[in-house]
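The values are calculated or read from the model by the stated rules, or taken from the named source; none is laboratory data. Keep in mind that this is a model prediction, so the values were computed, not measured. Because the Cβ atoms are built from the backbone with ideal geometry, glycine has one as well, and the counts that use them run over all protein chains shown.
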Amino acid sequence: MNLAFCSSLKALPDSMSQLKELKHLNLLNCVQLRSLPDSIVNLSQLNTFQLKGCHKLKNLPVGFGKLQSLVELDLSYCSELGCLPDSIVNLSQLNTFQLGGCHKLENLPVEFGKLQTLVELDFSYCSQLGYLPDSIVNLSQLNTFRLGGCHKLENLPVEFGKLQSLVELDLSYCSQLGYLPDSIVNLSQLKTFQLGGCHKLENLPVEFGKLQSLVELDLSYCSQLGYLPDSIVNLSQLKTFQLSDCDKL
């Protein structure tokens, strides 16, 4: 069902739950949509749910996790969304989760790491997101993780290096990020690492050179970065290395 760009749509009818065979629901840029009916969680066959640009959507139904056939969920630019219901961790088939531009999102459910089928996760420009729950390191299938522009993010979980399926990691413009956990050097599949604009980042782990799958590394505008570890010369696959405007190097 495609309801994209229905700019006057403010609510959905409770009777939507009768569409038992519905697999795709597109509410892209329904800019006046303020809430979803609780009954929507009964769409047991729903596979993809597009809510990008629903700027007035403030929350999701408490039982949202009952949508256990969901594979793709896009909540990006739901700029009034302040939290996710705890039940969301029960979306056991979820593969792609887009939350970029959710400017009011401050935290995640403690058990977020139960979403173990996730391959792609985007928190870009979630500018109020202050931390990641420790359980996030259990996302063992995660391939792409975007956190660029999370201005309040100060650190990563100590065991972040357990995310060993990661190929792409974007931490650009995480302007409060002061250091990287030593375990990050265990991301043996990592090919693209974006750290540009991490203004408080002062150094890199001593064994940074263990990231031997790296092809692209961006450290530009890391204005407090004082030195590079000797081990960086071991990045034998590196093709693109950006260091512009690292004033202390």
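What about residue 243, is it among the hydrophobic types (A, V, I, L, M, F, W, C) and surrounded by 18 or more Cβ atoms within 10 Å (Cβ to Cβ)?
Criteria not met by residue 243.
Would you check which residues across the stretch 57-73 are crowded, with 20+ Cβ neighbours inside 10 Å and within 14 Å of the chain's Cα centre (by Cα) and list them? I'd like the intermediate steps shown before the answer.
Filtering the stretch 57-73 for residues crowded, with 20+ Cβ neighbours inside 10 Å gives 57, 60, 64-65, 67, 70, 73.
The answer is 73, and nothing else.
Of everything in the stretch 118-134, what is of a type in the set (A, V, I, L, M) and within 13 Å of residue 177 (Cα to Cα)? Give them in sequence order. Can you show your working first?
Filtering the stretch 118-134 down to residues of a type in the set (A, V, I, L, M) leaves 118-119, 121, 129, 132.
Residues satisfying the conditions are 129, 132.
If I go through the stretch 185-208 residue by residue, how many of them are closer than 17 Å to residue 160 by Cα and small (Gly, Ala, Ser)?
Residues that pass the stated criteria total 1.
Given the criterion among the polar types (S, T, N, Q), within 15 Å of the chain's Cα centre (by Cα), part of a loop (DSSP other than H, G, I, E, B) and not assigned by TED's automatic domain parsing to the domain that holds residue 151, identify the matching residue among 44, 76.
Numbers: 44 fails: within 15 Å of the chain's Cα centre (by Cα).
76 is the lone residue from the list that is among the polar types (S, T, N, Q), within 15 Å of the chain's Cα centre (by Cα), part of a loop (DSSP other than H, G, I, E, B) and not assigned by TED's automatic domain parsing to the domain that holds residue 151.
Of everything in the stretch 79-104, what is assigned to a loop (DSSP other than H, G, I, E, B) and closer than 18 Å to residue 36 by Cα? Give them in sequence order. Give the steps one after another, and end with the answer.
Taking the stretch 79-104 and keeping what is assigned to a loop (DSSP other than H, G, I, E, B), we get 79-85, 91-95, 99-104.
Once the filter is applied, which keeps residues that are assigned to a loop (DSSP other than H, G, I, E, B) and closer than 18 Å to residue 36 by Cα, the stretch 79-104 yields 79, 80, 81, 82, 83, 84, 85, 91, 99, 102.
Between residues in the stretch 195-212 that are farther than 19 Å from residue 150 by Cβ and residues that are part of a loop (DSSP other than H, G, I, E, B) and of a type in the set (S, T, N, Q), which pairs lie under 7 Å by C-beta distance while being six or more apart or on different chains?
Once the first residue is farther than 19 Å from residue 150 by Cβ and sits in the stretch 195-212, its partners that are part of a loop (DSSP other than H, G, I, E, B) and of a type in the set (S, T, N, Q) give 212/236; 212/237.
Take the residues of the stretch 5-60 that are basic (Lys, Arg) and in contact with a Ser or Thr (Cβ under 8 Å, 6 or more places away or on another chain): which is nearest to residue 104 (Cα to Cα)?
Step one: filter the stretch 5-60 for residues basic (Lys, Arg), giving 10, 20, 23, 34, 52, 56, 58.
Right, trim to in contact with a Ser or Thr (Cβ under 8 Å, 6 or more places away or on another chain) and you get 20, 23, 52, 58.
Working: 20: 33, 23: 29, 52: 15, 58: 9 Å.
Selected residue: 58.
If you take the residues in the stretch 61-73 that are of a type outside the set (A, V, I, L, M) and in a loop (DSSP other than H, G, I, E, B), which one is farthest from residue 117 (Cα to Cα)? Outline the logic, then answer.
So in the stretch 61-73, the residues of a type outside the set (A, V, I, L, M) come out as 61, 63-66, 68-69, 72.
The next check asks that each one be in a loop (DSSP other than H, G, I, E, B); those that pass are 61, 63, 68-69.
Values: 61: 22, 63: 20, 68: 12, 69: 12 Å.
So the residue we want is 61.
If you go through the stretch 25-41, how many residues are part of a strand (DSSP E or B) and over 22 Å from the mean Cα position of the chain (by Cα)? Working first, answer last.
Keep residues of the stretch 25-41 that are part of a strand (DSSP E or B), which gives 25-26.
Pick out the ones that are also over 22 Å from the mean Cα position of the chain (by Cα) and you get none.
The qualifying residues number 0.
Inspect the stretch 124-143 for any residue being free of Cβ contacts under 8 Å to residues at least 60 places away in the same chain, aromatic (Phe, Trp, Tyr) and outside any loop (DSSP other than H, G, I, E, B) and give the result as yes or no. It would help to see each step written out before you state the result.
Taking the stretch 124-143 first, the residues free of Cβ contacts under 8 Å to residues at least 60 places away in the same chain are 124-143.
Cutting the leftovers down to aromatic (Phe, Trp, Tyr) gives us 125, 131.
In the following step, the residues that additionally are outside any loop (DSSP other than H, G, I, E, B) were identified as none.
No, the stretch 124-143 has no match at all.
Taking the condition modelled with pLDDT under 95, farther than 28 Å from residue 135 by Cβ and either among the charged types (D, E, K, R) or under 23 Å from the mean Cα position of the chain (by Cα) (or both), does residue 239 pass?
On the way: modelled with pLDDT under 95: no; farther than 28 Å from residue 135 by Cβ: yes; either among the charged types (D, E, K, R) or under 23 Å from the mean Cα position of the chain (by Cα) (or both): yes.
Criteria not met by residue 239.
What is the residue count in the stretch 183-223 for residues that are loosely packed, with under 15 Cβ neighbours inside 10 Å and either part of a helix (DSSP H, G or I) or at pLDDT below 95 (or both)?
1
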